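Following: one structure in structure tokens, then a few remarks.
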Amino acid sequence: MHDILKKLDLTDYIESFSTLLAREKSIILEGDINLHYKLINELSNYDIKAPLEVESLDRALVHIQKQGILKVYEIYEFVKIINYFNYLRRFNFEGKLQEWIDKIIIPTEINKICDYFDSKSNLKDGVDEDYDMVKNAISKNKEQIKQSLYKTINSSKVRTYLVDSQVHYINGEECILVRGGFNHVLKAQVLDRSNSGFFYVLPHSVASLKQSQNDLLNKREEILLKVCKEISSMFEKNLMFLKFINKEFDRFDHYQARLFFAKIDDKNFILPSKKKQNKLVNFSHPALSDAKPISIDFTKSVVMITGVNAGGKTMMLKSILSAVLLSKYLLPYKASKETTVGTFKSINAVLDDPQSVKNDISTFAGRMVEFSKLFGSKMAIVGVDEIELGTDSDEAASLFKVIIEELMQRDIKVIITTHHKRLAALMAANDDVELIAALYDEENQKPTYEFLQGTIGKSYAFETASRYGIPHNVVKKAKEVYGDDKDRLNELIERSSELEKEYQLKITKLDSEINKMERLSRNLQEQKESLDDEIYSEKSKLHKEYKDARDEAKKAIKAKLVKESHQHLNISHQKASDIKAAKVVDAVELKVGDRVKYRSTKGVLISVKGKKAFIENDMGMKVQVKLEDLQRSGNPPKIKTPPKKATITVQKPASGHVKLDLHGQRADEAIDNLDKFLSDALLAGFDEVLVYHGIGTGKLSYAVKKFLDSHPSVQGYTDAHPSQGGFGAKVIKL
């Protein structure tokens with residue numbers, strides 16, 4: 001891991017991430033990356049403080065397993081972890097995050113240990129009566145030493161010999177500084193001598209108190225040893241739980257550190273995808289300050305980067321491999337969320353000159369050794385810088401063409417930087433090869449650090465030489481030696497690049513025009529639908545007026561004005577017949593499957609019977625309407641949310657125990673209980689449990705072994721440690 005990080009210039013980036021971890025560990029986050037990504041996303045919704053720094057507990061766990069006695073500071077490291085998970089339980093998590101926290105059930109006796117210590121890892125008052133008494137005695141003793149020293153300092157006999165009236169600390173002892181001849185007035189022990197020739201002395205009156213203090217400190221250590229022994233014994237009984245929570249703490253530490261790291265400079269998590277598309281969008285390599293973001297499509301099997309020297313080709317290669325590596329280990333980086341990175345089992349970087357006098361290997365031979373290793377890989381991505389390094393270019397072009405094509409057949413993605421125009425020309429005919437050119441600013445005579453896909457780039461060796469101080473007459477002679485034919489080839493390459501740039505600009509312009517026309521078309525369609533609604537509204541208004549006129553005529557008939565009423569009725573009927581406020585309809589005939597609109601309802605035409613039509617609206621309801629009342633809808637159909645897949649919820653076991661006692665049970669009863677116990681342990685997330693079956697006649701032991709041998713989730717089992725049952729118990733790995 002260190003080697004690939006160094007090659008890709010990611011060492012400093014990873015070190016800055018590692019400082020956010022609570023304890024030193026590998027950056028690799030083992031397990032289901034999709035589950036990790038989901039939990040990190042859920043965790044980002046909460047404001048959770050970072051855990052305290054914690055020491056590695058691997059040696060402490062081994063010490064417990066061997067029935068050793070932990071020191072106070074080692075016990076307190078476990079307490080830190082337990083306290084942090086108790087802190088997490090205060091949050092009302094949801095989803096997968098809550099399911100995970102619920103699996104971590106802390107035994108009551110372990111929780112009690114956490115109450116023994118204060119924030120400075122000292123035992124609290126009330127934990128042990130003897131410890132409290134000794135603690136108070138030490139405090140009083142210190143005060144007596146202090147008072148005795150001040151009494152000596154203020155003595156009129158001693159004052160003549162005092163250099164100052166301060167209490168000094170020499171080699172951890174309180175003392176006073178006096179001149180020579182002090183022994184005439186003070187009985188004391190000389191601890192040290194100052195640079196000025198004075199003496200640091202400890203009065204005998206204080207020495208007796210110091211001896212008492214040492215006795216009290218020794219007594220305190222004896223009491224602490226007793227307490228540590230009791231706690232270590234209890235830890236031994238809960239060893240499996242301690243291993244489990246130690247591992248889960250590292251997992252949470254990984255999540256929290258990644259979230260904090262993502263907030264710095266607004267980085268994004270890019271989850272590796274199983275899709276074939278690979279595309280970087282606005283990626284900035286972490287090693288560059290104020291880097292120009294790059295966007296590149298590297299979906300094809302081979303990406304060949306050519307072009308100007310010092311134009312950023314190597315950094316482009318490193319950027320692609322860096323993005324793949326950071327995504328693989330779920331580390332955030334600066335890139336747009338549109339970035340898509342595939343899933344690769346391994347990442348290889350062939351960047352350095354492998355020449356070694358010690359190993360008696362040439363540059364080209366070293367490259368061949370590195371390429372030979374790739375033929376045993378699958379689903380890998382490899383980056384090769386300056387592929388032509390160390391051998392004849394014409395021979396190498398043919399060799400590398402065949403090697404690259406063979407690697408493509410093995411599902412290996414290859415990213416190459418090269419100045420091999422012949423190799424580029426040979427590979428350009430392959431549809432699965434992407435050509436990328438590093439661009440050069442002819443006018444200002446310097447690289448642009450921009451890239452153009454679909455073409456071969458010119459090296460600009462002569463221009464680069466001039467830019468870095470090679471005399472112009474030397475460059476001119478070199479061009480003459482190079483020859484007109486090859487110079488014309490470079491001109492054709494340059495012209496090809498110019499045409500490709502013009503082509504890309506035209507495509508961009510056409511895309512803009514197409515988007516503009518699509519927006520205009522949508523606006524016209526919306527205006528048409530709005531006009532249809534207005535016409536329909538006016539027609540409804542006229543029908544209402546007609547109805548009112550007819551009602552008036554009926555009233556006239558009831559008034560027995562027969563002749564006049566019939567005349568009014570005929571006139572009303574004639575006016576209603578003259579109303580021609582039909583809706584605007586499409587010129588194209590509607591067919592089954594078309595998107596249609598009926599009044600304010602939109603849906604899909606599912607069948608037509610004569611003048612009647614049946615539509616299914618966007619709410620899923622089927623409606624029968626007149627065919628003439630339908631019009632085509634310009635709005636795209638709404639995508640229906642697929643029904644949720646049926647899920648089975650398995651209830652989490654209520655018990656978080658990792659031990660089962662089968663003593664006194666019949667074989668069939670014991671196997672049933674063992675089966676349920678193993679199922680509960682798997683749901684709780686335990687990977688190691690302890691089962692007591694006893695020795696007895698051996699029947700129950702045999703039944704347990706036979707059942708464990710056939711259980712699909714049991715990876716293995718061994719006899720327990722003598723302190724945990726020996727031959728009468730089994731430690732089972734799940």
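Of the residues Gly603, Gly593, Gly620, which single one is farther than 30 Å from Arg550 by Cβ and modelled with pLDDT under 80?
Gly620
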Members of segment 702-732 that are within 14 Å of Leu678 (Cβ to Cβ) and either aromatic (Phe, Trp, Tyr) or part of a loop (DSSP other than H, G, I, E, B) (or both): Phe707, His711, Pro712, Ser713, Val714, Gln715, Tyr717
Which of the residues belonging to segment 99-116 are closer than 13 Å to Asn246 by Cβ and in a helix (DSSP H, G or I)? Ile110
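Table: residues versus (1) in contact (Cβ under 8 Å) with a residue 60 or more places away in the chain; (2) of a type in the set (Val, Ile, Thr); (3) within 30 Å of Leu57 (Cα to Cα).
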site	(1), (2), (3)
Phe199	no, no, no
Leu202	no, no, no
Gln211	no, no, no
Asn214	no, no, no
Asn218	no, no, yes
Ile223	yes, yes, yes
Phe235	yes, no, yes
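Yes/no matrix, rows are residues, columns are (1) surrounded by 13 or more Cβ atoms within 10 Å (Cβ to Cβ); (2) hydroxyl-bearing (Ser, Thr, Tyr):
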{"site": "Leu52", "(1), (2)": "yes, no"}
{"site": "Arg59", "(1), (2)": "no, no"}
{"site": "Glu74", "(1), (2)": "yes, no"}
{"site": "Lys80", "(1), (2)": "yes, no"}
{"site": "Tyr84", "(1), (2)": "yes, yes"}
{"site": "Arg90", "(1), (2)": "no, no"}
{"site": "Ile101", "(1), (2)": "yes, no"}
{"site": "Glu109", "(1), (2)": "no, no"}
{"site": "Lys135", "(1), (2)": "yes, no"}
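This table checks each residue for (1) assigned to a loop (DSSP other than H, G, I, E, B); (2) β-branched (Val, Ile, Thr); (3) without any contact (Cβ under 8 Å) to a residue 12 or more places away in the chain.
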site	(1), (2), (3)
Lys120	yes, no, yes
Asp132	no, no, yes
Asn136	no, no, yes
Asn141	no, no, no
Tyr150	no, no, no
Tyr169	no, no, yes
Which condition does Asp253 not pass, out of (1) buried (at least 19 other Cβ atoms within 10 Å of the Cβ); (2) more than 14 Å from the chain's Cα centre (by Cα); (3) not assigned by TED's automatic domain parsing to the domain that holds Asn430, if it passes all the others? (2)
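Looking at Lys210, is it among the basic types (Lys, Arg), within 30 Å of Ile170 (Cβ to Cβ) and either touching a strand residue (DSSP E or B) at 6+ places or on another chain (Cβ under 7 Å) or in a helix (DSSP H, G or I) (or both)?
Values: among the basic types (Lys, Arg): yes; within 30 Å of Ile170 (Cβ to Cβ): yes; either touching a strand residue (DSSP E or B) at 6+ places or on another chain (Cβ under 7 Å) or in a helix (DSSP H, G or I) (or both): yes.
For Lys210, the condition - among the basic types (Lys, Arg), within 30 Å of Ile170 (Cβ to Cβ) and either touching a strand residue (DSSP E or B) at 6+ places or on another chain (Cβ under 7 Å) or in a helix (DSSP H, G or I) (or both) - is met.
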In segment 332-371, which residue that is more than 20 Å from Lys275 (Cα to Cα) and of a type in the set (A, V, I, L, M) is modelled with the highest pLDDT? Ala349
If Asp253 satisfies all but one of (1) closer than 30 Å to Tyr84 by Cβ; (2) touching a helix residue (DSSP H, G or I) at 6+ places or on another chain (Cβ under 9 Å), what's the number of the condition it fails? (2)
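Would you mind finding the one in Lys267, Lys276 that is surrounded by fewer than 15 Cβ atoms within 10 Å (Cβ to Cβ) and either in the same structural domain as Ile404 (by TED's automatic domain parsing) or among the basic types (Lys, Arg) (or both)?
Details: Lys267 fails: surrounded by fewer than 15 Cβ atoms within 10 Å (Cβ to Cβ).
Result of the check over Lys267, Lys276: Lys276.
Results for (1) under 30 Å from Ile28 (Cβ atoms); (2) at pLDDT 90 or above, shown as yes or no for each residue.
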| site | (1), (2) |
| --- | --- |
| Ser165 | no, no |
| Asn171 | no, no |
| Asn195 | no, yes |
| Tyr200 | no, yes |
| Asp215 | no, yes |
| Glu222 | no, yes |
| Val227 | no, yes |
| Phe235 | yes, yes |
| Glu248 | yes, yes |
Filter result (more than 14 Å from the chain's Cα centre (by Cα), more than 15 Å from Gln256 (Cβ to Cβ) and either outside the structural domain of Tyr255 (by TED's automatic domain parsing) or buried (at least 16 other Cβ atoms within 10 Å of the Cβ) (or both)) within segment 5-40: Leu5, Lys7, Leu8, Asp9, Leu10, Tyr13
All but one of (1) without any contact (Cβ under 8 Å) to a residue 40 or more places away in the chain; (2) among the polar types (S, T, N, Q); (3) part of a helix (DSSP H, G or I) hold for Asn34; which doesn't? (1)
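For segment 62-77, indicate whether the set of residues that are part of a helix (DSSP H, G or I), in contact with a Leu (Cβ under 9 Å, 6 or more places away or on another chain) and closer than 17 Å to Lys112 by Cβ is non-empty. Talk me through it step by step, then tell me what you get.
Filtering segment 62-77 for residues part of a helix (DSSP H, G or I) gives 62-65, 72-77.
Remaining after also requiring in contact with a Leu (Cβ under 9 Å, 6 or more places away or on another chain): 63-65, 72, 74, 77.
This time we only want the ones that are closer than 17 Å to Lys112 by Cβ, so: 72.
Taking every residue of segment 62-77 in turn, at least one turns out to be part of a helix (DSSP H, G or I), in contact with a Leu (Cβ under 9 Å, 6 or more places away or on another chain) and closer than 17 Å to Lys112 by Cβ.
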Which residues, taken from segment 119-157, are outside the structural domain of Lys219 (by TED's automatic domain parsing) and either more than 51 Å from the chain's Cα centre (by Cα) or basic (Lys, Arg) (or both)? Lys120, Lys124
Just to be sure before I move on: is Tyr116 outside the structural domain of Ala207 (by TED's automatic domain parsing) and of a type in the set (Phe, Trp, Tyr) in the structure I sent? yes
Restricting to segment 78-98, count the residues that are more than 23 Å from Leu21 (Cβ to Cβ) and outside any loop (DSSP other than H, G, I, E, B). 2
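The values are calculated or read from the model by the stated rules, or taken from the named source; none is laboratory data. Remember, predicted model here, so these are calculated numbers, not experimental data. Don't worry about glycine lacking a Cβ; one is built from the backbone with ideal geometry, like all the others, and counts go over all protein chains shown.
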